[in-house]
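Below: the structure, in structure tokens.
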Amino acid sequence: MENENAILILAALAQPTRLETFRLLVRHEPHGMPAGDIARALAVPQNTMSAHLNILSRAGLVTSQRHSRIILYRAEPEKLRALTLFLLKDCCGGNAELCAPLIADLTPCCSSEKVTS
């Protein structure tokens with residue numbers, strides 16, 4: 001990932017409604033959510049939500065697919081993974097064991113076992 005792409009993603013997430021939108025869509029993976037449902041869940045006017053979804057789309061954090069009259073939005077967790085790897089690439093001067101606490105903190109959300117080093 002290039003610096004410019006990381007900055008675009010971070011800028012897209014650096015706004016409360018967009019951050020909550022992305023987190024909501026991540027929770028609804030892999031099915032996604034219609035734009036209207038997202039707006040209602042976050043109590044945001046639909047035209048405002050549309051603008052936020054466009055910014056998240058330009059950053060590559062969400063994709064959309066039209067189903068008849070409904071536009072379904074899905075999170076792109078791969079983009080978040082790529083950003084996380086980009087941010088941690090040089091973590092702790094290449095000493096992987098120093099990054100183990102970061103990985104261990106993520107583990108409870110993803111499985112019932114803790115990562116040990």
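The values are calculated or read from the model by the stated rules, or taken from the named source; none is laboratory data. As the structure is a computational prediction, the values presented were derived from the model and not from experiment. Don't worry about glycine lacking a Cβ; one is built from the backbone with ideal geometry, like all the others, and counts go over all protein chains shown.
Reported count of residues in the stretch 27-63, each being among the hydrophobic types (A, V, I, L, M, F, W, C), under 17 Å from LEU83 (Cα atoms) and part of a helix (DSSP H, G or I), is 2.
Within the set of pairs 6 or more residues apart or between chains, which connect a residue that is within 18 Å of ARG81 (Cβ to Cβ) and touching a residue at least 24 places away in the same chain (Cβ under 8 Å) inside the stretch 3-26 to a residue that is of a type in the set (Phe, Trp, Tyr) and surrounded by fewer than 16 Cβ atoms within 10 Å (Cβ to Cβ) with Cβ atoms less than 6 Å apart? Every condition considered, the pairs that remain are ALA6/PHE86. Against the numbered list (1) touching a strand residue (DSSP E or B) at 6+ places or on another chain (Cβ under 8 Å); (2) modelled with pLDDT under 90, LEU53 comes up short only at (2). Filtering the stretch 24-57 down to residues that are within 17 Å of the chain's Cα centre (by Cα) and of a type in the set (D, E, K, R), which residue is surrounded by the most Cβ atoms within 10 Å (Cβ to Cβ)? Out of the qualifying residues, it is GLU29.
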